[in-house]
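Taking it in order: structure first as structure tokens, then the write-up.
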Amino acid sequence: MAARPTLNLLGGGRVGKTLGHLWHTLGVLQVQDVLTTSPASARAAVDFIGAGRAAATLEDMRPANYWLIAVPDRQIATSAQALAGAGLPPATAFHASGALAAAELAPLQTQGWSIASAHNILSFATPATAVLQFAGTPCALEGDAAAVAALQPLLGAIGARCFTLHSADKLRYHAAAVFATNFLPVLQATAEALWRDSGVPAELLPQLRATLLRNAVDNLLALGPAGALTGPAARGDTALVQRQGQAVAVWDAQAGAAYTALSELAARLARDGQL
């Protein structure tokens, strides 16, 4: 049996653990060395992945076919610079940021490495749940042609549905995911704070949360955004929108601004059927 390609990880957070575990357990890649911010976290990542060796330093890492730079966005460029200075043979390096382009890895590209970014559109709440939810996850690939071509079958083998992006579009692409997922908890927290401050009994909040969110999601899935839209902005009740916006702004200026901005988008969606 041919040896599997090797993978090294810089960073062992939720994304690194999830992808490493899937690549190992499904027999796609051989997870080799893992370097994180501490020996303890590296050992924890190796334990979850089920394979690999916790490396103490970058100099302790062996050459590999693929390098996943799974560190926070602000550390990607400096990690690439450090890796470029380690004197390792060229390979394929990729990061998992949704907002940043493969160009963050430019120091490696100048030394003959292939570079890419691979962003999976999944909420990696915990590695254990992400592993179970990963199959069918859309994955945006961007970077040089060789790296994208190499990564597509590796990600497809663990259940990703890959597509390519232009580098210039990454910020807008990632902002869409923020709108789709990250803002929902903020909106719900704002709604519940308004309910509490307007006198709704605290014991009713869990029921309101469950009922309204479930109904909204069901309607959205069945009817699409325009068909599921309700409320004063959708009805064209601009007077009520203005009064409610002012009332919310008195309560909290930022929440009031958000209410006004979202109401304007809702009115546009109701009028045009899309944004």
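The values are calculated or read from the model by the stated rules, or taken from the named source; none is laboratory data. Just so it is clear, the structure is predicted and the values come from calculations on it, not from any experiment. Methodologically, a virtual Cβ is constructed for each residue, glycine included, from the backbone with ideal geometry; neighbour enumeration extends over all protein chains shown. For the accessible areas, the whole protein counts, side chains as well, though only heavy atoms, and no ligand, DNA or RNA atoms are used. Shrake-Rupley method; radii C 1.70, N 1.55, O 1.52, S 1.80 Å.
Excluding ligands and nucleic acids, what accessible area in Å² is computed for E203 using a 1.4 Å probe, to the nearest 10?
140
For R4, R43, what's the largest-to-smallest order of accessible area, 1.4 Å probe?
R43, R4
Let me understand segment 57-147 better: what is its radius of gyration from the alpha carbons, and its Dmax, in angstrom?
13.7, 38
Want the number for V186 to T230: 0.36 nm per residue separation, take away the alpha-carbon distance, what's left?
Using 0.36 nm per residue and subtracting the Cα-Cα distance, I get 13.9 nm.
Roughly how many Å² of L204 are accessible to a 1.4 Å probe, to the nearest 10?
Roughly 70 Å² of L204 is accessible to a 1.4 Å probe.
At a temperature of 20 °C and a viscosity of 1.002 mPa s, determine how fast segment 142-224 diffuses translationally according to Stokes-Einstein, using the Kirkwood radius over alpha-carbon pairs as Rh; express D in µm²/s, rounded to the nearest whole number.
Estimated via Stokes-Einstein, D reaches 131 µm²/s.
Starting from the Cα gyration tensor of the chain, multiply each eigenvalue by 5, take the square root, and state the resulting semi-axes largest first in whole Å.
Taking √(5λ) for each eigenvalue gives 43, 20, 18 Å, largest first.
In whole Å, what are the extents of segment 151-199 along the principal axes defined by its C-alpha atoms, from largest to smallest?
55, 27, 9
Explain nothing, just the number: relative contact order of the chain, from Cα pairs under 8 Å at least 6 residues apart, as a whole percent.
Value for the chain: 11 percent.
Using the heavy atoms of the protein chains alone and a 1.4 angstrom probe, what is the accessible area of segment 151-197 per residue in square angstrom?
63
For F163 paired with R196, estimate the spin-label separation in nm (one decimal), with each label point 7 Å from Cα along the Cα-to-Cβ line.
Taking the two extended label points, one gets 3.9 nm.
From Cα pairs below 8 angstrom and at least 6 apart in sequence, can you work out the relative contact order of segment 1-49, rounded to a whole percent?
46
Below 14 angstrom from the Cβ of N65, what's the summed charge of the other residues (Lys, Arg +1; Asp, Glu -1)?
It works out to a net charge of +1.
Full-extension gain between L262 and T25, please, as 0.36 nm times their residue separation minus the C-alpha to C-alpha distance.
Roughly 80.9 nm would be gained on extension.
Rounded to the nearest 20 debye, what is the charge dipole size of the chain about its Cα centre when +1 sits on each Lys and Arg Cβ and -1 on each Asp and Glu Cβ?
For this selection, approximately 300 debye.
Do you know the relative contact order of segment 144-275, to the nearest whole percent, from alpha carbon pairs under 8 angstrom that are 6+ apart?
That works out to 15 percent.
Tell me, what is the FRET efficiency for L132 and R271 to the nearest 0.05, using R0 = 51 angstrom and their Cβ-Cβ distance as r?
My answer for the efficiency is 0.80.
Report in % the part of the accessible area of the chain that belongs to carbon and sulfur, leaving out ligands and nucleic acids; probe 1.4 Å.
59
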